[in-house]
Ligand SMILES: [Zn+2]
């Protein structure tokens with residue numbers, strides 16, 4: 001029996017021990033999207049973090065682990081794609097919907113890899129910017145990456161090089177970009193999201209202006225056939241999708257800059273609703289709207 005299936009049984013037993021109910025399990029469903037080459041994207045029904053899956057004869061590499069209760073379903077989704085075991089898990093950043101499954105995967109012998117800062121950020125209580133700053137308990141010690149890197153690290157796996165490298169401070173200060181060189185697929189974590197306004201986590205080293213720079217770096221790497229997995233969003237994207245998103249960032253910056261140049265206050269800027277025409281497309285998630293984002297841009301532009 002393949003270890004993944006064995007793991008699946010273990011998780012099912014664990015789930016039974018935790019009295020998981022069917023209705024509880026149902027909210028942790030994923031839609032698998034073939035991306036390109038050896039890559040798949042698992043899109044959760046709850047719109048939290050997408051999971052990247054690289055399959056191949058050497059084993060599976062996952063990008064992000066969603067929330068812990070989703071792990072049984074994640075294992076099932078991976079088992080539907082391949083008989084091979086999960087060998088590595090790369091965390092793109094510290095947020096709970098990207099690291100939540102870590103300790104279960106570690107229990108199964110999966111090696112967890114992340115930027116140095118992610119491990120440091122795991123050593124204390126977490127604060128994330130939604131709803132004015134939401135606290136999460138310190139992730140349990142089993143969640144911590146056992147391999148961390150400073151600038152870049154490469155995997156040589158499944159016949160291609162997988163480059164993991166530190167992005168400029170953007171969504172957080174510890175964002176990793178992952179480029180699958182043979183499959184020509186980029187996973188940008190939450191630096192790139194296609195379902196809502198960008199989240200800049202200033203509690204954890206994020207920067208709006210850095211996000212523009214980080215997107216420029218990704219666009220510069222991408223060719224006409226490159227596919228891109230967003231941290232959140234319903235479909236894999238591409239170079240043009242990243243250009244459109246960077247244009248949104250430029251537009252947000254320029255609109256806020258006008259108020260800064262005029263000597264307006266943050267309150268005056270918000271009262272003028274400078275993104276009214278964009279809010280229907282990008283501001284539909286109540287826990288993070290233009291009212292949350294624009295003051296962060298204002299603050300950076302007046303620094
Ligand atoms: Zn995030």
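Readers should treat all values here as calculations from the given coordinates under stated rules, not as data from a laboratory. A quick note: this is a predicted structure, and the numbers were derived from the prediction, not measured. Don't worry about glycine lacking a Cβ; one is built from the backbone with ideal geometry, like all the others, and counts go over all protein chains shown.
Based on the Cβ-Cβ distance from residue 267 to residue 234, what FRET efficiency comes out when R0 is 25 Å, to the nearest 0.05?
My answer for the efficiency is 0.10.
Hey, for a label at residue 147 modelled as a point 7 Å past Cα toward Cβ, could you say which residues of the range 161-204 have their backbone N under 20 Å away?
Under cut-off, by backbone N: 161-167, 174-189.
Relative to the present Cα-Cα distance, how much length would full extension add between residue 291 and residue 107 at 0.36 nm per residue of separation?
62.1 nm
Convex hull over the Cα atoms of the chain, averaged projected area in nm²?
Its average projected convex-hull area is 15.4 nm².
Under the 0.36 nm per residue contour assumption, what length would be gained going from the current alpha-carbon distance of residue 203 and residue 156 to full extension?
Values: separation 47, 0.36 × 47 = 16.92 nm, distance 3.40 nm.
Between residue 203 and residue 156, full extension yields an extra 13.5 nm.
Which FRET efficiency value, to the nearest 0.05, is calculated for residue 83 and residue 140 with the Förster distance at 22 angstrom and r the Cβ-Cβ distance? Display every interim value, and only then the final one.
On the way: r = 30 Å, r/R0 = 1.36.
That gives a FRET efficiency of 0.15.
Pull out the extension gain between residue 244 and residue 276, defined as 0.36 nm times the separation in residues minus the alpha carbon to alpha carbon distance; nm, one decimal.
Gain in length upon complete extension: 9.7 nm.
How many nm separate the modelled label positions at residue 221 and residue 195, each set 7 Å beyond the Cα in the direction of the Cβ?
Here the answer is 2.3 nm between the modelled labels.
Antiparallel DSSP bridges in the chain: what percent, to the nearest 5?
Close to 70 percent.
Taking only DSSP H segments of four or more residues, each worth -39500 (n - 2.57), what value at 222 nm results for the chain once the sum is divided by all its residues, to the nearest 500 deg cm²/dmol?
Values: 11 runs with 109 residues, N = 303.
About -10500 deg cm²/dmol.
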